[in-house]
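Since the structure comes first, as structure tokens, the remarks are kept for the end.
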Amino acid sequence: MQPRSRRPKLAVWKFASCDGCQLTLLDCEDELLAVAGQVEIAHFLEATKAVVAGPYDVSLVEGSITTADDAARIRAIRRQSRRLIAIGACANWGGIQALRNMADVDAYMAQVYAHPEYIDTLETSTAIADHVPVDFELRGCPIDKHQLLEVIGALLAGRRPAIPHHSVCVECKRRGTPCVMVAHGIPCLGPVTQAGCGAICPAYGRGCYGCFGPMEAAHPAALTGELAALGVDAPAQHRLFQTFNAAAPAFQAAAYPEPAEGRR
């Protein structure tokens, strides 16, 4: 009898984040049982305290790098990981906490903490790819469970994940949802946001919030002209982009058009 081949080791890691992307994996429920049958979940503290030593075949990394310890830890994880996948807005662009990148962090700490001298933090919240090579980035705040399963399945099959790069507008068309900007005059980031959520917000009469970040070759400047035609003034336009993916270059340019020295 031939020995059973070793199952690939899967590790899930957390940095500065809300845990929502890790919970998406747990939300897979029945599908998770199938995944667990194909891989060895070697490190996933959100689900179990059992830890198997590396190296790991696949590491899913949630969260942004916000401390010097984070930066050292992600380098150690990269050395132990054959494939490293950044999952979610925090891991891809620094998350909503990257709003501090455009402000005075010391002033923030002085306002929030009674003893800011005890706080050890970097001035910025940055993406995983700013520190180590990343093999694939899965978008979303949080990520979509179907896309997560596609990525894991693709890696097990040795192929590239089939993840769309078109805009949310395509998803609205496919589900027959009227454009909220055209039909109702509601500001929407759908034209510049990558698909993946199923266009949930427009389906319920709300504009897209840009949870999946900028689509490929996004051009927010063209959208701002349409927003202005709806009566959305410049400060309100900037705030639309100052959310989950504010540090993504395409969104950052639309969120903070003035020079950096003017923001401090």
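Quick note: the coordinates plus some simple rules give every number you see, no bench work behind them. Because the structure is a prediction, the values reported are computed rather than measured. All Cβ positions, even for glycine, are placed from backbone atoms using ideal geometry, and neighbour counts span all protein chains on display.
Placing +1 on each Lys and Arg Cβ and -1 on each Asp and Glu Cβ, with no other charges, gives the stretch 168-256 a dipole about its Cα centre of roughly 240 debye.
For the chain, the longest principal axis of the C-alpha atoms and the axis of helix 145-157 are separated by about 40°. Of the residues Ser125, Asn101, Leu189, the one whose Cα sits farthest towards the positive end of the charge dipole of the stretch 90-227 is Leu189 (charges of +1 on Lys and Arg Cβ, -1 on Asp and Glu Cβ, taken about the Cα centre). Assuming a ≥ b ≥ c are the square roots of the Cα gyration tensor eigenvalues, decide whether the stretch 124-264 counts as rounded (a/c under 1.5), prolate (otherwise, with a/b larger than b/c) or oblate. Oblate, because a/c is 1.5 or more while a/b does not exceed b/c.
Tell me, Thr126, Thr67 in order of fewest to most beta-carbon neighbours within 10 Å? Working shown, then result.
Working: Thr126 22, Thr67 15.
Going from least to most buried by this count: Thr67, Thr126.
Relative to the Cα centre, the charge distribution of the chain, modelled as +1 at Lys and Arg Cβ and -1 at Asp and Glu Cβ, gives a dipole magnitude of about 900 debye.
Amide H contacts for Glu40 (H built 1.01 Å from N in the peptide plane; partners 5 or more residues away or on another chain; cut-off under 5 Å): Lys9, Leu10. Plugging the Kirkwood radius over Cα pairs into Stokes-Einstein for the stretch 202-264, at a temperature of 37 °C and a viscosity of 0.692 mPa s, what D comes out in µm²/s? Calculated translational D: 264 µm²/s.
Average projected area of the Cα convex hull of the stretch 21-154, in nm²? Let's see the in-between values first.
Working: hull surface 35.7 nm².
If you wrap the Cα atoms of the stretch 21-154 in a convex hull and average its projections, you get 8.9 nm².
In terms of its Cα atoms, the chain spans 72, 54, 28 Å along the principal axes, sorted from long to short.
Find out how many positive minus negative residues lie around Val39, taking Lys and Arg as positive, Asp and Glu as negative, among other residues whose Cβ is under 13 Å from that of Val39. Show your work: numbers first, answer last.
Values: positive: Arg6, Arg7, Lys9, Arg82, Arg83; negative: Glu31, Glu40, Asp57.
Summing Lys/Arg as +1 and Asp/Glu as -1 gives +2.
Length available on full extension from Arg7 to Leu23: 0.36 nm per residue minus the Cα-Cα distance, which gives 3.5 nm. In the chain, the calculated helix contribution to ellipticity at 222 nm averages -10000 deg cm²/dmol per residue, counting -39,500 (n - 2.57) for every DSSP H run with n ≥ 4. Within the chain, the longest segment free of exposed loop sites, counting chymotrypsin sites (Phe, Trp or Tyr not before Pro) that fall outside DSSP classes H, G, I, E and B and have at most 14 other Cβ atoms within 10 Å, spans 1-112. Residue-wise HN-Hα couplings along the stretch 99-111, as the Karplus relation 6.51 cos²θ - 1.76 cosθ + 1.60 with θ = phi - 60° gives them from phi, are 4, 5, 4, 9, 9, 8, 5, 4, 5, 4, 5, 5, 7 Hz; Gly and Pro carry x.
Arranged from fewest to most other beta-carbon atoms within 10 Å of their beta carbon, Ile85, Ile200, Ile41 become Ile200, Ile41, Ile85.
For the stretch 105-177, what is the per residue volume of the convex hull drawn over the alpha-carbon atoms, in cubic angstrom?
Details: hull volume 13.4 nm³, N = 73.
Roughly 183 Å³ of hull volume per residue.
Given their separation in residues at 0.36 nm each and the Cα-Cα distance between them, Arg160 and His238 gain 24.6 nm when the chain is fully extended. Rounded to the nearest 5, the antiparallel percentage of DSSP beta bridges internal to the chain is 20%. Counting other Cβ atoms within 10 Å as a rough exposure proxy, the listed residues Lys9, Lys145 run Lys145, Lys9 from fewest neighbours to most.
Computed over the chain with a Gaussian network model linking Cα atoms closer than 10 Å, the most mobile of Pro202, Pro235, Pro191 is Pro235.
Quick one: divide the alpha-carbon radius of gyration of the stretch 54-105 by 2.2 N^0.38 Å and tell me what you get.
Here the Cα radius of gyration is 1.26 times the empirical estimate.
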